[in-house]
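The values are calculated or read from the model by the stated rules, or taken from the named source; none is laboratory data. Note that the structure is a prediction, hence the values are computed from the model and not measured. A quick note on method: Cβ atoms are made from the backbone with ideal geometry, for glycine too, and the neighbour counts reach across all protein chains shown.
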Amino acid sequence: MLSLFALRCPAEDFSWYARAEVDANYVWRGLYNGGLSLRAEGEVSYYGFFANMWWNIGATDWHWGKTDATGAGITKFNPEVDISLGYRWRGLSVLYMHMYYFDHYADGRMSRFFDWGNHAPGGGGITSEWRVSYRISDRVPLRLLWCTRTFGRDGYMLNGELKRAYSTYIEARYDQPLPMDFTLTGVIGVTPWKSLYTAFEKDFAVINLSIALSKSWQVAKGCSVDVGGELMLNPSSMQPLWNIYAGVTID
């Protein structure tokens, strides 16, 4: 994740920030979603309540609803915008995220931004999920995450009938501070039942094992530079993935 620019304006009860970044690869939860990606993000927060908007535009593996000979969507990256509303209290965070992909339905129509209907793989429409995470403390920097998709596209066909999967991802992440402002991060992620993370073909599966190393420099008051890299393996598909990033943050 290469962060080009970030601006944060904290206050006692109100804060906001804006951010832009570039990723060498769009890898996410053990899945490859595309190559080089430009991202932008903005958030406002008041007394723990927050609203966040996140954009992602890919420079490689970029298509606008192209289909193969069967009419199914090509499994590559799509431009994306995610909108989140949530609440944070100490180490606890609860949010609802609405994810829209700039792809098309099988008949060629552009996906509707508020289409909460279920669709099979290759269909258009939005998807959404609830996320609950908890970080224990600075002394024990273990973060636990549970995500479940509830509305929009998350379906598979079973005996000719469209079923909703309620695709779920569970993750444990540990950030170990090292000398000289290095941080070593280890992640394990699983899906507990049939879900999009295994192409709706398996039940419980380990889908994300990753390790990342990053370093941060404080170059001026409120300004830091960070670089790092990540290696990831999806044991379910045996697919190795990687990402490198560098960034500048102003806060």
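Of the residues making up the stretch 32-65, those that are hydrophobic (A, V, I, L, M, F, W, C), part of a strand (DSSP E or B) and either surrounded by 19 or more Cβ atoms within 10 Å (Cβ to Cβ) or modelled with pLDDT under 90 (or both) are Leu38, Ala40, Ile57, Trp62. In the stretch 161-197, the qualifying residues are those that are of a type in the set (A, V, I, L, M) and closer than 30 Å to Ser224 by Cα, and the one that is surrounded by the fewest Cβ atoms within 10 Å (Cβ to Cβ) is Met180. Listed by first and then second residue, the pairs with beta-carbon distance under 9 Å, at least 6 apart or on different chains, first residue in the stretch 176-191 and assigned to a strand (DSSP E or B), second at pLDDT below 95 and of a type in the set (Val, Ile, Thr), are Thr191/Thr198. Quick check on Leu158: is it at pLDDT 85 or above, of a type in the set (A, V, I, L, M, F, W, C), within 28 Å of Leu38 (Cα to Cα) and loosely packed, with under 14 Cβ neighbours inside 10 Å? When the stated conditions are applied, Leu158 does not pass them.
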